Amino acid sequence: MASAVAEVHEHTHYTTTGLDNRKVAIWAFIGSECMLFMSLISTYLIYKGKSIVGPFPHEAWTDPSGHVFKPILNIPVTSQSTFVLLMSSLVMVLALAAVENRGKPGYQGTLLGNSKLWLAATAALGATFLGYQAYEFTSFVHEGLTIHTNLFGSSFFTLTGFHGAHVTAGVLWLLTLLSIDIKRGLTPKDALLVDICALYWHFVDVVWIAIFTLVYLIK
Amino acid sequence: MATTAATPSYEQTGIWSWITTVDHKRIGALYLYTALFFFMFGGLEAGVIRWQLAQPNQHIVSAELYNQLFTMHGTTMIFLAVMPLSAAFFNFLIPLQIGARDVAFPRLNAFSYWVYVLGGTFMTLPIFFNTAPNGGWFGYAPLTTLPFSSGLNIDFWVMGLQILGISSLAAAFNFITTIINMRAPGMTLMRMPVFTWMSFVVQFLLVLAFPVITIALVFLLFDRFFGTNFYEIAAGADPLLWQHLFWVFGHPEVYILILPAFGLVSEILPTFSRKPLFGYNVVVYSGIMIGFLGFGVWAHHMFAVGMGATADTIFALTTMLIGIPTGVKIFNWIATMWGGQIRFTAAMKFAIGLIALFTIGGISGVMHSSPPADLQQTDTYFVVAHFHYVLFGGSIMGIFGGIYFYYPKITGRYMSEVLGTWHFWCTFIAMNLTFFPMHFSGMLGMPRRIYTYDAGQGWDTFNLISSIGTGLLILSTLIFVVNFLKSRKSGEVAPGDAWGAGTLEWTIPSPPPDYNFAEIPFVTSRYPLWDLKHPERTSGIAHSAPDVMTITDAHATPVHEEMGHKTAAELGIPMPFNTVKPLIAAAALVAMFGGLLFMHTNQFAVAMTITIGSASLFVGTLYAWLTSPLE
Ligand code: HEM
Ligand SMILES: [Cu+2]
């Protein structure tokens, strides 16, 4: 009997659904993150137009001393950073494909199969997005909007800051995968590692689409 | 049989093996001991509260300390006692009930436990220094913002809850994955034991409700530490923002507290009625229904704030609606006992006690689902009576029942039935003595959260009875403690199938070996062990023939009683390594939040050093953890 039992353990990766545990867990995690961002976005929307003093997102504001504050949001610049983040999702797909198809014709030794390049590019695009955000935040502060100024400032910086923190975590995750890839090379067996990172990354992107639409585009 | 001493068949002993354990059964036991400790502590706080209120115009504690006592009593009971007691059962039982060798992420499980202990300690210690949280368990902002609550009290509460939320969320991801993905072959969703089902629903509630309070707390933390305006009325903030966010979490939270107890009695009642649960499908679907509806009733806690007739009506209707799936379960349990050959064990008494007492609490709940009635009842002792009938009469009775029922499985020995019966009747009587009069004092207008009151308002006798009841409750809990500790050493030795139950956890020895199942069973019905021993009981429920099972998947064997005492090594079962990393990560996490406290004592540099230092330690440990092999 003991030998029959020992045999069982070559199959420790049996799961009920056939999916890896980590994949199921990341979906549960993303569900939870949805509620997190929903709470942040709802608060932003509830507080829209409720600020007593400016500056405001879409309208100019003149303070009692006659100083005029421009509308804060700079849609052209943020459209660029949104584009950058969207492109990063595309590149992420290529990174996953490169790892999954390692060694297959069309991928072996080609540009398409260069997972290191695609992982690095995803991280770089994410970092670029964060650069845009840093620029955006500092210029808002120069224009007179801080986290203390009014309800808009508090809810805007908290919401986008939370998203930025998620992007930062994603970039670190990507860099970790990249370093593994450089050290020992990611094989199709490791595709799951890249897969769950990609799921997270796409989720963070989708959240940004929601934020860009609801916060920036809708007046 | 009763002469051989039951020694746990764990291969390791010693305190270090507990600190580094990743075994779900040991973590479950740790949860149980710790949560029982916090339960006693919260009970003592309640004792002081009732001592103070026993008679009019008493000054045993100051108004300020009284505020800390009721805040910490509520917070402790909800977050440090009932939730972790449920978690003890999630940990211990879920893998056993679904035929798995462990949870999906054993180390994450250890992490959840350590975050809970350290976070609980973090929140509890300040009461000894007169700086415990004092804003009520629901911490209404703006009352809890800096201008109105300037001490460290609320900081401990905000950080503490944030920390505990992380513990619950990590555990919830773990159990969702475990239940979805680690079921033995043939253990289809609709064959899962009801406790596992109710736990499954609870994990979804945790995953969806906790982020909402996390954000509410983040806002409060930012307001207090970084000067944001979320709850700053002068800046135009909505005074109801906190209330909405809190109760969107808060109402699902009450189902997080009760559903595990519902699950436990759904195991106990069939076992001691010796027949399958009546209307299994209905019990499961009504549990899911409660989960859904639970997100649509939060504003019944806010009828008094003036939301307007439309909102009041909608929330009144949804609240009345949620009474239906809740009531349905009561009838299922009664019908389960109907015509059964009932054994009145201590566990069974507590399960029946739950049915009786929860029903009273459910009825008062439906009473204040009507806004005009609620306007009279809200913020009075009537509401206190309601939620103690559901929480004590429901959750705690169910959990006590669960402890008597599963103690033999956990320790290998039975608890004393004699002491158990004493414990039950004392608790049952004392509980009613304590909380029933609160219906009357509440109806007579006695508000919650006052530290004393004048004589001659018709409240005196009711308060005295409540306080006497509390004394008796503390006594009856002592009976339980004696029983719990004594039985550990000298209780009667229990066989694997301690009660003649029907589910998988009873097919393995008590206490289970560290690998749980020497052979993964394949399951062909809801009560596999009864199929084996009492086929007449299960002839009415659905079965699938063994040959249609895809047994090759996991080399599973038919369900049978395991008697062996082999070690994992002898059987060739790889076990996860013990590790201290989850504890280090948990400590770093708690220190990260704790460091921020120094900002309020104007030691900015200290705050940043601790917080950033521990954050780096946390990330570092996480990397070390994720790159080291599990087994
Ligand atoms: C039949 C189902 C239930 C209904 C219809 C119901 C209804 C209500 C309503 C309307 C309130 C607000 C009363 C007020 O503040 O004026 C309330 C309060 C409360 N309920 Fe329930 N309830 C039910 C079940 C439960 C359960 C199962 C639990 C927990 C195990 C629970 C725990 C509480 C708590 C803790 C409060 C007070 C919160 C506070 O103000 O501190 N209820 N309930
Ligand atoms: Cu409620």
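The values are calculated or read from the model by the stated rules, or taken from the named source; none is laboratory data. This is a predicted model, so every value here is computed, not measured. All Cβ positions, glycine included, derive from the backbone under ideal geometry; neighbour counts span all protein chains shown. In case anyone asks, the SASA skips ligands and DNA or RNA and just uses the protein heavy atoms, side chains included. Shrake-Rupley method; radii C 1.70, N 1.55, O 1.52, S 1.80 Å.
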Next item on the list: Could you check, for the range B:272-282, whether at least one of its residues is in contact (Cβ under 8 Å) with a residue 40 or more places away in the chain, within 14 Å of ligand 2 (Cβ to nearest atom), surrounded by 21 or more Cβ atoms within 10 Å (Cβ to Cβ) and assigned to a helix (DSSP H, G or I)?
Entry: no
Note to self: For the range A:185-218, which positions are touching an Asp or Glu at 6+ places or on another chain (Cβ under 9 Å) and open to solvent by 50 Å² or more (accessible area, probe 1.4 Å)?
What the structure shows: A:PRO188
Check: Of the residues A:ASP195, A:ASP190, which is closer than 18 Å to A:GLY126 by Cβ, assigned to a helix (DSSP H, G or I), in contact (Cβ under 8 Å) with a residue 60 or more places away in the chain and not hydrophobic (A, V, I, L, M, F, W, C)?
Finding: A:ASP195
Margin query: Condition (residue is more than 14 Å from every other protein chain (Cβ to nearest Cβ), within 16 Å of ligand 2 (Cβ to nearest atom) and among the β-branched types (Val, Ile, Thr)) applied to the range B:188-199: is it met by at least one residue?
Written below: no
Notebook entry, point to check: Which residue out of B:PHE436, B:PHE392 is open to solvent by 10 Å² or more (accessible area, probe 1.4 Å) and within 14 Å of ligand 1 (Cβ to nearest atom)?
Noted result: B:PHE392
Notebook entry, point to check: Do you know which residues across the range B:66-102 are among the aliphatic types (A, V, I, L, M) and more than 12 Å from the chain's Cα centre (by Cα)?
Noted result: B:LEU69, B:MET72, B:LEU93, B:ILE94, B:LEU96, B:ILE98, B:ALA100
Check: What number of residues in the range A:44-81 are touching a strand residue (DSSP E or B) at 6+ places or on another chain (Cβ under 7 Å) and surrounded by 13 or more Cβ atoms within 10 Å (Cβ to Cβ)?
Finding: 4
Check: Of all residues in the range A:71-105, which are at pLDDT 90 or above, part of a loop (DSSP other than H, G, I, E, B) and either under 16 Å from the mean Cα position of the chain (by Cα) or over 18 Å from A:ASP195 (Cα atoms) (or both)?
Finding: A:PRO71, A:ILE72, A:LEU73, A:ASN74
Check: For the range B:511-544, which residues satisfy the criterion of being open to solvent by 50 Å² or more (accessible area, probe 1.4 Å) and modelled with pLDDT under 85?
Finding: B:GLY540, B:ALA542, B:HIS543
Item checked: Selected residue [in a loop (DSSP other than H, G, I, E, B), more than 14 Å from chain A (Cβ to nearest Cβ) and either open to solvent by 20 Å² or more (accessible area, probe 1.4 Å) or within 18 Å of B:VAL194 (Cβ to Cβ) (or both)] from B:ILE314, B:ILE268, B:ILE342 -> B:ILE342
Check: Taking interchain pairs and intrachain pairs at least six residues apart, which have beta carbon atoms under 9 angstrom, with the first residue in the range B:293-304 and more than 17 Å from B:LEU208 (Cα to Cα) and the second near ligand 1 (Cβ under 10 Å from one of its atoms) and aliphatic (A, V, I, L, M)?
Finding: B:HIS300/B:ALA316; B:PHE303/B:ALA316; B:PHE303/B:LEU375; B:ALA304/B:LEU375
Notebook entry, point to check: Among (1) open to solvent by 20 Å² or more (accessible area, probe 1.4 Å); (2) in contact (Cβ under 8 Å) with a residue 40 or more places away in the chain, where does B:GLY227 come up short?
Noted result: (2)
Note to self: Looking only at the range B:230-255, filter to residues that are open to solvent by 10 Å² or more (accessible area, probe 1.4 Å) and outside any helix (DSSP H, G or I); which one of those is nearest to the other protein chains (Cβ to nearest Cβ)?
What the structure shows: B:GLY236
Item checked: One residue from B:VAL297, B:VAL305 being in contact with a helix residue (DSSP H, G or I) (Cβ under 9 Å, 6 or more places away or on another chain), closer than 30 Å to B:ALA351 by Cα and within 15 Å of ligand 1 (Cβ to nearest atom) -> B:VAL297
Next item on the list: Could you tell me whether the range B:216-224 includes any residue that is within 16 Å of ligand 1 (Cβ to nearest atom) and either open to solvent by 20 Å² or more (accessible area, probe 1.4 Å) or under 20 Å from B:MET302 (Cβ atoms) (or both)?
Entry: yes
Margin query: What pairs come out if I take residues in the range B:136-162 that are within 12 Å of B:GLN243 (Cα to Cα) and more than 16 Å from ligand 1 (Cβ to nearest atom) and pair them with residues that are among the hydroxyl-bearing types (Ser, Thr, Tyr) and modelled with pLDDT of 95 or more whose C-beta lies under 6 Å away, six or more apart or interchain?
Written below: B:PRO142/B:TYR231
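Please go through the range B:49-108 and give me each residue that is of a type in the set (Ser, Thr, Tyr) and either in contact with a strand residue (DSSP E or B) (Cβ under 9 Å, 6 or more places away or on another chain) or buried (at least 22 other Cβ atoms within 10 Å of the Cβ) (or both), ordered by number.
Step one: list which residues in the range B:49-108 are of a type in the set (Ser, Thr, Tyr), which gives B:62, B:66, B:71, B:75-76, B:86.
Those that are of a type in the set (Ser, Thr, Tyr) and either in contact with a strand residue (DSSP E or B) (Cβ under 9 Å, 6 or more places away or on another chain) or buried (at least 22 other Cβ atoms within 10 Å of the Cβ) (or both): B:THR71, B:THR75, B:THR76, B:SER86.
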Item checked: One residue from A:LYS183, A:LYS219 being without any contact (Cβ under 8 Å) to a residue 24 or more places away in the chain and basic (Lys, Arg) -> A:LYS183
Note to self: So in the range B:156-177, with the set limited to residues that are open to solvent by less than 10 Å² (accessible area, probe 1.4 Å) and at the interface with another protein chain (Cβ under 8 Å from one of its Cβ atoms), which one is nearest to B:PHE210 (Cα to Cα)?
What the structure shows: B:ALA172
Next item on the list: Could you tell me whether any residue of the range B:246-260 is over 30 Å from B:LEU146 (Cα atoms) and more than 16 Å from ligand 2 (Cβ to nearest atom)?
Entry: yes
Next item on the list: Identify all residues within the range B:352-379 that are open to solvent by 10 Å² or more (accessible area, probe 1.4 Å), modelled with pLDDT of 95 or more and away from ligand 2 (no atom under 16 Å from the Cβ); write none if there are none.
Entry: B:ILE352, B:ILE355, B:ALA356, B:THR359, B:ILE360
Notebook entry, point to check: Which one is farthest from ligand 1 (Cβ to nearest atom) among residues in the range B:247-258 that are of a type in the set (A, V, I, L, M, F, W, C) and more than 15 Å from B:ALA304 (Cβ to Cβ)?
Noted result: B:VAL248
Next item on the list: Please state which one of B:ALA501, B:ALA518 is within 26 Å of the chain's Cα centre (by Cα), among the hydrophobic types (A, V, I, L, M, F, W, C) and within 27 Å of B:THR196 (Cα to Cα).
Entry: B:ALA501
Next item on the list: Check A:GLY66 against each of (1) under 30 Å from B:GLY236 (Cα atoms); (2) touching a residue at least 60 places away in the same chain (Cβ under 8 Å); (3) not basic (Lys, Arg) and name the one condition it does not meet.
Entry: (2)
